[in-house]
Amino acid sequence: MTASSSRSSHPVSLVTGGAGFLGSHLCDRLLAEGHVVVALDNLVTGNIENIAHLAGNDCFRFIHQDVTEYLFYPGPVDFIFHFASPASPIDYLELPIQTLKVGSLGTHKALGLARAKNSRFILASTSEVYGDPLIHPQTENYWGNVNPIGPRGVYDEAKRFAEAMAFAYHRTHGVDVKVVRIFNTYGPRMRLRDGRVVPAFIGQALRGEPLTVFGNGAQTRSFCYVSDLIDGIYRLAVSPHHGPVNIGNPTELTVRQFAQEILRATGSRSAIVEKPLPVDDPKQRRPDIRLAGELLGWQPRVPLAEGLAKTIAFFKDKV
Ligand code: UDP
């Protein structure tokens, strides 16, 4: 079998953003499920090291490509997972136009390919479609509270457009789309300096620097370990459902509590300092995951302490 093998008992999956944090873990899971996997990535925020262990695997192929350009792949494709996008607030604040392009043009190209190949299309959407939510916890039928012209809007609106485009292709062309709304996820292969709270706090704690809590740290987030998230995505991909479905861990902490968890897990004696809160930083976030339970029989399994221990072990020799 090779990375160009045909539709058979070995489905072909194309993963945009395949060298990213989530994309690379998804490639691993798909390979373990017997798929032939083609990862596409322009390596702007993705990292080839995330897939270096797959070099030489006959069932895996990497294509260095910007998915906002014309997308071509010869041969059959069973699943297209559209996971390419800058995903951390500092990345999408630095790359606002690329973020809008990959969510809009990139999604259009990937859906066009899905239509041409009669593939299932799985969109990595986000809890950011709920913006600074006025409903708590967030259910899938909540339409959100997004500032379209604020700095975060480039990500939020790109993903909202991507969802709209996916459902338009579903209604108009019958493409079998699935939309997963991904909540805060952590684990090995995050970038140490991507600015997100998990690598930021772990890096600071391991270096003995103060942990930078933005605002007064009363804002909340709910953190899901990456293997749980990938399991939910895989279950949705092979299910008959279209979503959108929230996948995340509903254990909610304030950012200040989370800083304390990191200090405990690393054994660090770092101080906690306050820094200005970014514009439009959501005040609360927790997924309602009843739908994922009912439709997919999914629930997260990895407790925070276990997930953090694995993540800290990954970062230990990188700080
Ligand atoms: N945050 C923080 N200190 C940091 C980085 C982030 O207090 O060094 C806060 C941020 O303001 C937000 C939360 O942690 O309230 C989660 O931020 P992250 O960038 O990880 O993801 P978000 O959920 O905001 O997309």
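The values are calculated or read from the model by the stated rules, or taken from the named source; none is laboratory data. Quick caveat, the model's predicted, so the values are computed rather than measured. No Cβ is skipped: glycine too gets one built from the backbone with ideal geometry, and neighbour counts run over all protein chains shown. We work out accessible area using only protein heavy atoms, side chains counted, and drop any ligands, DNA or RNA first. Shrake-Rupley method; radii C 1.70, N 1.55, O 1.52, S 1.80 Å.
For the chain, how big is Rg over Rh, using alpha carbon atoms and the Kirkwood form of Rh?
On the way: Rg = 18.8 Å, Rh = 19.8 Å.
The Rg/Rh ratio comes out at 0.95.
So, counting K/R as plus one and D/E as minus one, what does the shell of residues with Cβ under 11 Å around ASN184 add up to? Don't jump to the answer; show the numbers that get you there.
On the way: positive: ARG196, ARG221, ARG285, ARG286; negative: GLU128, GLU252.
For residues surrounding ASN184, the net value is +2.
Taking the chain as the reference, fit the longest principal axis to its C-alpha atoms, fit the long axis of helix 255-266 to the helix C-alpha atoms, and give the angle between the two in degrees, 0 to 90, nearest 10.
90 degrees
Considering only protein heavy atoms and a probe of 1.4 Å, how much of the accessible area of the chain is carbon and sulfur, as a whole percent?
Carbon and sulfur: 54 percent of the exposed surface of the chain.
Using the 2.2 N^0.38 Å rule of thumb for compact globular proteins, work out how the range 118-237 stacks up: its C-alpha Rg over that value, please. Let's see the in-between values first.
Numbers: Rg = 16.7 Å, N = 120, 2.2 N^0.38 = 13.6 Å.
Ratio of Cα Rg to 2.2 N^0.38 Å: 1.23.
Does anyone have the angle between helix 226-237 and the longest principal axis of the chain? Alpha-carbon axes, 0 to 90°, nearest 10?
30 degrees
Which log10 I(q)/I(0) values, to two decimals, does the range 194-308 give at q = 0.13, 0.15, 0.22 Å⁻¹ under the Debye formula with one point per Cα?
These q points yield log10 I(q)/I(0) values of -0.57, -0.72, -1.17.
Sort 266-277, 121-132 for me by packing, meaning the mean count of neighbouring Cβ atoms within 10 Å per residue, highest on top. The partial results should precede the final answer.
Working: 266-277: 13.8, 121-132: 24.5.
Taking the mean over residues of other Cβ atoms within 10 Å, the ranking is 121-132, 266-277.
What angle, in degrees between 0 and 90 and rounded to the nearest 10, separates the Cα long axis of helix 197-207 from the longest principal axis of the Cα atoms of the chain?
50 degrees
Hey, what D do you get for the range 1-87 in µm²/s if you plug the Kirkwood alpha-carbon radius into Stokes-Einstein at 10 °C and 1.306 mPa s?
Estimated diffusion coefficient is 126 µm²/s.
Which trypsin sites (Lys or Arg not before Pro) from the range 102-200 combine a DSSP loop assignment with at most 10 other Cβ atoms within 10 Å? Provide the component values of the computation, followed by the final result.
On the way: sites: LYS109, ARG115, LYS117, ARG120, ARG152, LYS159, ARG160, ARG171, LYS178, ARG181, ARG189, ARG191, ARG193, ARG196; in loops: ARG152, ARG189, ARG191, ARG193, ARG196.
When the trypsin sites (Lys or Arg not before Pro) of the range 102-200 are filtered for loop state and at most 10 Cβ neighbours within 10 Å, nothing remains.
Given the DSSP H assignment, sum -39500 (n - 2.57) over each helix run of at least 4 residues in the chain and divide by its residue total; what's the result at 222 nm in deg cm²/dmol, nearest 500? Walk me through the intermediate numbers first.
Working: 10 runs with 110 residues, N = 319.
After summing the helix terms and dividing by residue count, I get -10500 deg cm²/dmol.
Lys pairs in the chain, Cα-Cα under 18 Å, at least 8 apart or on separate chains: how many?
The result is 9.
Rolling a 1.4 Å sphere over the protein heavy atoms, what is the accessible area per residue of the chain, to the nearest Å²? List each step's numbers first, then the result.
Numbers: 13420 Å² over 319 residues.
Result: 42 Å² per residue.
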